[in-house]
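Peer 1: Input: one structure, supplied below.
Please treat every number below as a calculation from the coordinates, not as lab data. All figures in this text were calculated on a predicted structure; none of them were measured in a lab. We place every Cβ from the backbone using ideal geometry, glycine too, and count neighbours over all the protein chains shown.
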Amino acid sequence: MIREYYQIKDKCRQGLIKHLEKAFSVIPETENPEILDIGCGTGVPTLWIADKYTGAITAIDTDKNALEWLQNKIIEKDLSDKVTALNISFFDFMPNPDCYDLIIAEGFLNTVGFENGFLRIVGILKKNRHVVIHDEYKDHEKKSGFIRSRNCKIVDTIYLDEKIWWNDYYRLLESEIMAIDSKQTRDLFKSDLEEVKCYRADPGSFRSIYYLVEKL
């Protein structure tokens, strides 16, 4: 039951990977980068990064069940020497300052507060290295100004409108859930169905943006 839940979530999440790939294409490559994935969940972006980059990846999240699923995939793909998954809050995670070449925060900063989260990210990012932030589009100008005020440069932005979110994620998610025979399994998706309901009620609130940021 739990396995089917995560399989469906991963399948639907794959629809958004092409936008992450576009974001990463803007960033100059670094040989054997140290990479941090904050709020990694089940690790769909994590494993995509592992396939594209040669460096070591640390993936952190507070969701123990999602991390267990990710750990199973790491073992299946023989990536234990490359990807380390840690069940820890970002604010309890204590790496050395200026130690990462690349940091990814997919949908993370809107849960902890953009400014507080961003300041901590910049503190552990090496100079002239990059962070990829995927966040809701709300307060875009304010966030852009804050980023620039912290000795950082926005290299590029990638905008995902509500149609992208429907076509590349929610439409498939709804279809997959409705095809589940077991009520017990379908009940695991109550919050996801609520998201779909919210989308239908107000599609415009489901716009998001990638910030490709360089620390100067």
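Peer 1: Quick one: if you take sqrt(5λ) for each eigenvalue of the C-alpha gyration tensor of region 138-193, what semi-axes come out, biggest first, whole angstrom?
Peer 2: After scaling each eigenvalue by five and taking roots: 38, 13, 8 Å.
Peer 1: Roughly how many Å is it from the Cα centre of region 111-140 to that of region 27-78, as a whole number?
Peer 2: So the separation of the two Cα centres works out to 18 Å.
Peer 1: Going down the table (Lys11/Lys77; Lys138/Lys197; Lys9/Lys138), which pairs top 22 Å between alpha carbons?
Peer 2: Violating the 22 Å limit, Cα to Cα: Lys9/Lys138.
Peer 1: Compute the helix-to-body angle for 64-76: its Cα long axis versus the longest principal axis of the chain, expressed 0 to 90° and rounded to tens.
Peer 2: On a 0 to 90 degree scale, this one is about 80.
Peer 1: For an R0 of 25 angstrom, estimate the FRET efficiency from the Cβ-Cβ distance between Arg150 and Asp92 and round to the nearest 0.05.
Peer 2: Computed FRET efficiency for Arg150 and Asp92: 0.65.
Peer 1: Here is a follow-up. Taking the Cα centre as origin and putting +1 on Lys and Arg beta-carbons and -1 on Asp and Glu beta-carbons, what dipole magnitude results for region 1-134, to the nearest 20 debye?
Peer 2: 280
Peer 1: Quick one: if you stick a label point 7 Å off each Cα along the C-beta vector at His140 and Asn72, how many nm between them?
Peer 2: Distance between the two pseudo-spin positions: 3.9 nm.
Peer 1: Kindly express, to the nearest 10 degrees and within the range 0 to 90, the angle between helix 190-201's C-alpha long axis and the longest C-alpha principal axis of the chain.
Peer 2: 80
Peer 1: On to the next question. With a 10 Å radius around each residue's Cβ, average the other Cβ atoms per peptide and rank 13-23, 100-110, highest first.
Peer 2: Going from most to least packed, we get 100-110, 13-23.
Peer 1: Also, I was wondering about something else. For region 148-213, give the magnitude of the charge dipole about the Cα centre (Cβ charges: +1 Lys/Arg, -1 Asp/Glu; no others), in debye to the nearest 20.
Peer 2: Dipole size: approximately 360 debye.
Peer 1: What's the angle, to the nearest 10 degrees (0 to 90), between helix 2-13's Cα axis and the longest principal axis of the chain?
Peer 2: Helix 2-13 sits roughly 60 degrees off the main axis of the chain.
Peer 1: If you don't mind, there's one more thing I want to ask. What residue among Leu173, Gly113, Ser144 has its Cα farthest toward the positive end of the dipole of region 96-210, where the charges are +1 on Lys, Arg and -1 on Asp, Glu, each on the Cβ?
Peer 2: Farthest towards the positive pole: Ser144.
Peer 1: Would you be so kind as to identify which of Phe90, Leu212, Gly39 lies farthest towards the positive end of the dipole of the chain, taking Lys and Arg as +1 and Asp and Glu as -1 on Cβ and the Cα centre as origin?
Peer 2: Leu212
Peer 1: Can you give me the orientation-averaged projected area of the convex hull built on the Cα atoms of the chain, in nm²?
Peer 2: 11.6
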